[in-house]
Amino acid sequence: MTKKATRRKASRPKSLLYDGSEWDFETMQRTYAAIEEIARDDLGLDVYPNQIEIISSEQMLDAYCSIGMPLMYQHWSFGKRFVREEELYRKGYQGLAYEIVINSSPCISYYMEENTMAMQTLVMAHAAFGHNHFFKNNYLFQQWTDAEGILDYLEFAKHYIADCEERHGTTAVEDILDAAHALMDQGVFRYRRSPKPNLREQEKRRREREAYYERHYNDLWRTLPETKADEEAGADEKELAERKKQLKLPEENILYFIQKNSPTLEVWQRELLRIVRNIAQYFYPQKQTKVMNEGCATFVHHYITSKLFDEGLISEGVLLEILHSHSNVVAQPSFDDPRYSGINPYALGFAMMQDIKRICTEPDEEDRAWFPAIAGTGDWRAILKDAWANYRDESFIKQFLSPKLIRDFKLFRFTDDTKDDHVTVREIHNERGYEEVRNALARSYEISAVEPDIQIVDVDLQGDRELVLRHGVRNDVPLADKARDDVLAYVRQLWGYGARLEGVDLESGKTLYTSPTAKAADGDAAFDMTF
Amino acid sequence: MAHLIDRRLNPRDKSLGNRQRFLRRARAQIKEAVDKAINDRNVADVGTGGKISIPSRGIGEPRFRHASGGRRERVLPGNKEFVPGDRIAKPQDGAAGGAGKKGSDQGEGEDDFVFALTRDEFLDLFFDDLELPDLVKTSLKETFSYKSYRAGFTNSGTPANLNVLRTMRNSIGRRIAMRRPIVARLEELAPEIEELQVRNDLDIALQRRLAELSLEYEELERRRAAVPYIDPIDIRYNRFEQRPQPKTKAVMFCLMDVSGSMGQHEKDLAKRFFILLHLFLQRRYEKVEIVFIRHTHQAQEVEEEAFFYGQETGGTVVSTALKEMLQVIEARYPVAEWNIYGAQASDGDNFSDDTGRCIDLLSSRVLPICQYYAYVEILDQREFQIFGSSNNGKELWRGYQPLETAWPNFSMKHIAEVGHIYPVFRELFAKQSA
């Protein structure tokens, strides 16, 4: 690797950062500095400090299976994932992700030691700058995650759980964690705005909370089922309504409700639910910004590596290797291709970013008609950064998907009714169809469309304390039966009493089904009542 | 600015804990699958690890999720020929509009969940609740292994065992008792003496003083020299005591009939049985010796290789094997020290007069000294249908029958196909409930 000394200013063509495929730490630093310069000065990206970690492929597998976090508590489901991923990797069915990056400050990204220097360059631009900027600036992440505290929190969680295992036994802890994992999707706040979380603060308050729980019992449960005289019934009704108001029903965050109000859980069990909840909350924005996040990172790496080549810092061979990998990543097979596995977020995201750039700099008539606010403004950097900061997948697609891309991808919309044995094509990539196709595609990224809407609506305080959940059914789409019953069993286990799920059609208000109730005493729950 | 950290040297196998948890959790199902898998293995492969397929239901992670049904809309890429209003028939497997992929993204679909166990995990699960019965006899006469334990102090020993603390304690006691002057006393006198010695103008009083002091000084020095700092009488050593460790020793005799009456199939079954036994012993016990004896009309003790892979054939005289076994016991395995086990596999046919001799040998010489003796008779399908259910069998079986009732440490079972080996094996070696 030769590095010719340059004594004059940057106007002279710079020398290659590296040559050949081997990497070493010095080269990584040098390349990082070059990438940073472009990211900071040209694109104007704003990133958390970076921590670059070189790992082996075994460790990559490890990281993969503990959902990518460098620290995680132990659970058998991660073992199951590990076992499966290892099998697939060994058989060659699945390559390892060549990058894993964590939303934290400092932003940790992992690089495999087997990567060539060209790949490390690509991954650095992609993860350490693309993803990093997105994590730091997107409103969802700012609102719902605490990048500075997450690693410490995970450290706390890991130790706390290990502690509980020692004190109460692995099985008891596993039982709670299993139930909590099953309800993880319903363990996040979606609409209620909580203040920006500070996980360190929470740890401090946790001890106080534990002491508090131990001193008080929940006044809500003072009523015991008794027969009351009729005159008193009226007063009790009011009391009842008051209590229900206190419970703040309906509640979308099932884990939160159970953690706060379950009459049978012990303090450490509530704390476990809290941990799972916090982790679910931390990952919640990632589900809603997949396309944007990957699009942003892919766009950034594409731009930076092209610029590196233009400035003579990387060779043609390296650029070719990078482009080869890049094109694999953004490939989108069509629906009838055996390799089709859904719309590739990298493909869609990257295409949209490139498209926005084009609309800003070289719009045509159609673009001016569809995007009057941004067409021809020229400042694509500002527009892109604004998009990355203030949109999520659904709103992003709704706002920025252009007819040109609809044509490029040849998108079409169809409807599928179970009662019908045919599907009907509704709109295709033509003048009449663009808007509806765009809206439909945006809708498909709405979290409420993908995940079932299940909330706690009632608790029978006076009676058998049964918990009532409601599944808001849209378009007659049912829940998977067996899974539903299994999860309900977990709900009963955590609640300590019965629980039933009612399916209510959101349009008509009609109750479509009720899933059976079983008393907690009959089976799966293994907890003592605490009072 | 970036921090570059090399984590490649970090401890690996962070997922080892999780993998173990998963195995523990799925244990019941994995055990079932292991039991099933063993029946389809090659003789040689039995000892290696294996692919285990377990239905994913058992270790599922349920979530609330949508199932197919209702009215949905979808947007797909790659339209080639459709126009609005086209109606496309749904393919039979339910994937609308094209080649949907079967199987789920997380292995939680209807597919079975396949992964590989390591050899050790496999064998552990396999032999989970089996053991050699009655492993009680410990060495009585000759004990070979000793362990050292601390046992107080002693007056004699090697310098390596010197106990400094005790020694110094004794020494200080002796010095106090003998009133050995301490250095401090000498140091008190020395400066004054020196001062007086250097002066020239001493008067009588001072001269006398000097003389006194000098005398005292000499006396102190003399006493110090007379009473040693450390005397051999002070020295103490740490004492160690040897305690004998009882050792449990076991030897397993594998007797296999490789005569002409045993066909390929029977020999295969017998070998599988012994391989299982061999693995079991290796897995569960550290110090078990195994003696392989194969016989036709003559018996020989052989090595493991020859036992499992040899191709021999001849007549059938079972008693030779028993005699050989007794010879080996006499030569190498004194009864008082060794727990002796025997396992015999045969197809039940025997040279006509020999069965009587076998029974004699067994009841008079072999069974009294064995902890446990198992006889496995290998039948073919037809014979199994005749004999399998009843308590009847071929010649050897009938001969051994009275032994089963007479001796509690004797067991016999039928095997007709690969699928029987494992259950029979389990019956023979199931853990006794205490």
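Below, the figures for the structure above:
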item: Close pairs from region A:26-39: first within 11 Å of chain B (Cβ to nearest Cβ), partner among the β-branched types (V, I, T) and surrounded by 21 or more Cβ atoms within 10 Å (Cβ to Cβ), Cβ under 6 Å, at least 6 apart; result: A:T31/A:T121; A:I35/A:I304
item: Residue that is over 19 Å from B:M256 (Cα atoms) and not hydroxyl-bearing (S, T, Y), where the choices are B:N339, B:N350; result: B:N339
item: Count - residues of region A:246-257 that are out of contact with any strand residue (DSSP E or B) (no Cβ under 8 Å at 6 or more places or on another chain) and assigned to a helix (DSSP H, G or I); result: 3
item: Residue count for region B:423-432, restricted to those that are closer than 16 Å to B:L281 by Cβ and either among the basic types (K, R) or at pLDDT 75 or above (or both); result: 5
item: Filter pass, B:Q371 being in contact with a Pro (Cβ under 9 Å, 6 or more places away or on another chain) and in the same structural domain as B:W407 (by TED's automatic domain parsing); result: yes
item: Residue under evaluation A:N137, criteria (1) farther than 26 Å from A:D393 by Cβ; (2) touching a Phe, Trp or Tyr at 6+ places or on another chain (Cβ under 9 Å); (3) modelled with pLDDT of 85 or more, criterion not met; result: (1)
item: Residue count for region A:162-181, restricted to those that are within 14 Å of chain B (Cβ to nearest Cβ) and under 23 Å from the mean Cα position of the chain (by Cα); result: 5
item: Matching residues in region A:121-139 - criterion: being within 14 Å of chain B (Cβ to nearest Cβ) and of a type in the set (F, W, Y); result: A:F129
item: Residue in region A:270-292 that is modelled with pLDDT of 90 or more, over 30 Å from A:Y490 (Cβ atoms), crowded, with 23+ Cβ neighbours inside 10 Å and touching a helix residue (DSSP H, G or I) at 6+ places or on another chain (Cβ under 8 Å) present; result: yes
item: Filter pass, A:R368 being over 27 Å from A:M124 (Cα atoms) and outside any loop (DSSP other than H, G, I, E, B); result: yes
item: Residue satisfying condition, being modelled with pLDDT under 70 and either crowded, with 16+ Cβ neighbours inside 10 Å or of a type in the set (S, T, Y) (or both), within set A:L17, A:L43, A:L71; result: A:L71
item: Number of positions in region A:475-500 that are facing another protein chain (nearest Cβ under 7 Å) and outside any helix (DSSP H, G or I); result: 6
item: Helices (runs of 4 or more DSSP H) wholly inside region A:265-365 that include at least 3 residues being more than 28 Å from A:S15 (Cβ to Cβ) and touching a residue at least 40 places away in the same chain (Cβ under 8 Å); result: A:267-288, A:290-310, A:345-361
item: Evaluation of A:N439 against (1) at the interface with chain B (Cβ under 8 Å from one of its Cβ atoms); (2) over 30 Å from A:L273 (Cα atoms) (one fails), failing number; result: (1)
item: Of all residues making up region A:457-474, the number that are within 13 Å of another protein chain (Cβ to nearest Cβ) and without any contact (Cβ under 8 Å) to a residue 40 or more places away in the chain; result: 4
item: Hits in region A:459-481 - residues which are on the phi > 0 side of the Ramachandran plot and modelled with pLDDT of 85 or more; result: A:N475, A:D476
item: Scan of region B:269-307 for residues that are surrounded by fewer than 15 Cβ atoms within 10 Å (Cβ to Cβ) and either in contact with a strand residue (DSSP E or B) (Cβ under 6 Å, 6 or more places away or on another chain) or acidic (D, E) (or both), ordered by number; result: B:E286, B:E289, B:E303, B:E304, B:E305
item: Checking A:A387 against (1) surrounded by fewer than 19 Cβ atoms within 10 Å (Cβ to Cβ); (2) away from chain B (no Cβ under 14 Å); (3) of a type outside the set (F, W, Y), the condition it does not meet; result: (1)
item: Among residues of region A:252-266, those that are farther than 18 Å from A:I454 by Cβ and touching a Lys or Arg at 6+ places or on another chain (Cβ under 8 Å), counted; result: 1
item: A:I454 being modelled with pLDDT under 95, closer than 30 Å to A:K248 by Cβ and facing another protein chain (nearest Cβ under 7 Å); result: yes
item: 2 or more residues basic (K, R): qualifying helices (runs of 4 or more DSSP H) within region A:125-212; result: A:150-168
item: Output for region A:450-471, where each listed residue is surrounded by fewer than 17 Cβ atoms within 10 Å (Cβ to Cβ) and outside any loop (DSSP other than H, G, I, E, B); result: A:V450, A:V457, A:D458
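For every residue, the table says whether it meets (1) of a type in the set (S, T, N, Q); (2) within 14 Å of chain B (Cβ to nearest Cβ); (3) over 17 Å from A:V291 (Cα atoms).
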{"site": "A:R339", "(1), (2), (3)": "no, yes, yes"}
{"site": "A:Q354", "(1), (2), (3)": "yes, no, no"}
{"site": "A:R368", "(1), (2), (3)": "no, no, yes"}
{"site": "A:F396", "(1), (2), (3)": "no, no, no"}
{"site": "A:S402", "(1), (2), (3)": "yes, no, no"}
{"site": "A:L405", "(1), (2), (3)": "no, yes, no"}
{"site": "A:D416", "(1), (2), (3)": "no, yes, yes"}
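The values are calculated or read from the model by the stated rules, or taken from the named source; none is laboratory data. As the structure is a computational prediction, the values presented were derived from the model and not from experiment. Reconstructed Cβ throughout: ideal geometry from the backbone, glycine too, with neighbour counts over all protein chains shown.
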